[in-house]
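J.: Have a look at this one before I ask anything.
Every number in this text was worked out from the coordinates using simple rules, so none of it is lab data. The structure presented is a predicted model; accordingly, all values stated were derived computationally and were not measured. Counting neighbours? That spans all protein chains shown, and the Cβs are built from the backbone with ideal geometry, glycine included.
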Amino acid sequence: MATDIKKLAEIVDTAAIEATAIPQLSQSHSFTLDEAYDIQAEMINRRLVRGEVRVGMKMGFTSRAKMIQMGVDDMIWGRLTDGGVISLRDYVHPRVEPEVAFLLKKPLTGPTTPMQAMAAVEAIAPALEIIDSRYEAFKFNVQDVVADNASSTGFVIGPWCPPDTDLDNLGGIMEFNGRPVQIGSTAAILGHPGRSLAAASRMTAEEGETLEVGWIVMAGGVTEASPLSAGISVRNSVEGLGSVGFKVVE
């Protein structure tokens, strides 16, 4: 039986709109990883029709810590729009992870080296990504999480820094109300975030996409994600890049 891409996209999209947990799609439907990206694309198209704007893409599972935390063994990617907010009423299982973001000055598509990928970067910034699986108990396989747009929900970008900033091994601290909850290094992102950007170019091209000028690319979590609750002030400080933060409201 052919996979009903539109139906599955509607299920995930509705769960996101209503902030309601659902069973994993894979429990009742069989679909491939390629079909999972088709479901993701259809789900994002529904959001674009509602008025959201595509602003970039994100990489997922680019650190060993994230792979272990989520029980997967390969990178994934998702699409970013401008529709993210940071209000608990809009989330099922909200978590946050410290990241590095790239702003592109040139398009990227297909296989490329990290050096070539970095040559397309306009600026680099510290960032925070708010992730939220729509699946019950935050449990899923790779196909499920890809169909759910790689758990992408919202993001916050800090000050933009020069593109030649050395990202080899920058220390970072994520704090909740001034208390460190995650400590890591940019080296956790595939050894260097530029490798993640190169992987983003390759993996999106496999789905017929190009990383466009002006897009933001989230390189992936530096550490594991931490759960959010009301009243928390979150800050990610990265050596040489500065800091970025937000406060969680009900």
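J.: Val181's amide H: which non-local residues (gap 5+, or another chain) put their own amide H closer than 5 Å, with H modeled 1.01 Å from N in plane and none for Pro or chain starts?
T.: Amide H to amide H, under 5 Å and 5 or more residues apart or across chains, Val181 pairs with Met174, Glu175, Phe176.
J.: Amide H of Tyr135 versus every other amide H placed in the peptide plane: which residues, excluding those fewer than 5 positions away on the same chain, fall under 5 Å?
T.: For Tyr135, the qualifying residues are Ile22.
J.: Still on this structure, please answer the following. What is the log10 of I(q)/I(0) for the stretch 19-92, computed with the Debye formula using one identical point scatterer on each Cα and no solvent, at q = 0.20, 0.23, 0.25 Å⁻¹?
T.: So the normalised log intensities work out to -1.25, -1.38, -1.34.
J.: Just Ala199, Ala36, Ala137 to compare: in a GNM of the chain, with alpha carbon springs under 10 Å, which one fluctuates most?
T.: Ala137
J.: Computed from these coordinates, which is volume of the Cα convex hull per residue in Å³: (i) 110; (ii) 119; (iii) 175?
T.: Comparing each candidate, only (i) matches the computed number.
J.: In debye to the nearest 20, how big a dipole does the chain give about its Cα centre with +1 on each Lys and Arg Cβ and -1 on each Asp and Glu Cβ?
T.: 360
J.: Could you pull out the pairs from Lys58/Lys139; Lys7/Lys105; Lys6/Lys58 whose alpha carbons sit more than 26 Å apart here?
T.: Lys7/Lys105, as the Cα separations exceed 26 Å there.
J.: Continuing with this model, one more query. Taking amide H atoms as placed 1.01 Å from N in the peptide plane, list the residues 5 or more away in sequence, or in a different chain, whose amide H sits under 5 Å from that of Val121.
T.: HN-HN under 5 Å from Val121: Lys105.
J.: Further, regarding this structure: In the calculated pair distance distribution of the stretch 176-250, what percentage of Cα-Cα distances lie above 18 Å?
T.: Value for the stretch 176-250 (Cα pairs over 18 Å): 54 percent.
J.: If you don't mind, there's one more thing I want to ask. Can you work out the Karplus-derived ³J(HN,Hα) for every residue in the stretch 116-122? Use 6.51 cos²θ - 1.76 cosθ + 1.60 with θ = phi - 60°, whole Hz, and x for glycine or proline.
T.: Listing the rounded values in order: 5, 5, 5, 5, 8, 8, 7 Hz.
J.: Continuing with the same structure: Which trypsin sites (Lys or Arg not before Pro) does the stretch 47-76 hold that lie in a coil by DSSP with at most 15 other beta carbons within 10 Å?
T.: Arg50
J.: Determine ³J(HN,Hα), in whole Hz, for all residues of the stretch 156-168 in sequence, where each value follows from phi through the Karplus function 6.51 cos²θ - 1.76 cosθ + 1.60 and θ = phi - 60°; x replaces Gly and Pro.
T.: Karplus values, whole Hz, x for Gly and Pro: 10, 10, x, x, 6, 10, x, x, 8, 4, 6, 9, 3.
J.: Which value, in debye to the nearest 20, describes the size of the charge dipole of the stretch 100-226 about its Cα centre when Lys and Arg Cβ atoms bear +1, Asp and Glu Cβ atoms bear -1, and nothing else is charged?
T.: 160
J.: Have a look at Ala199, Gly56, Pro114 and report the one farthest towards the positive end of the charge dipole of the stretch 5-247, computed about the Cα centre with Cβ charges (Lys/Arg +1, Asp/Glu -1).
T.: Gly56
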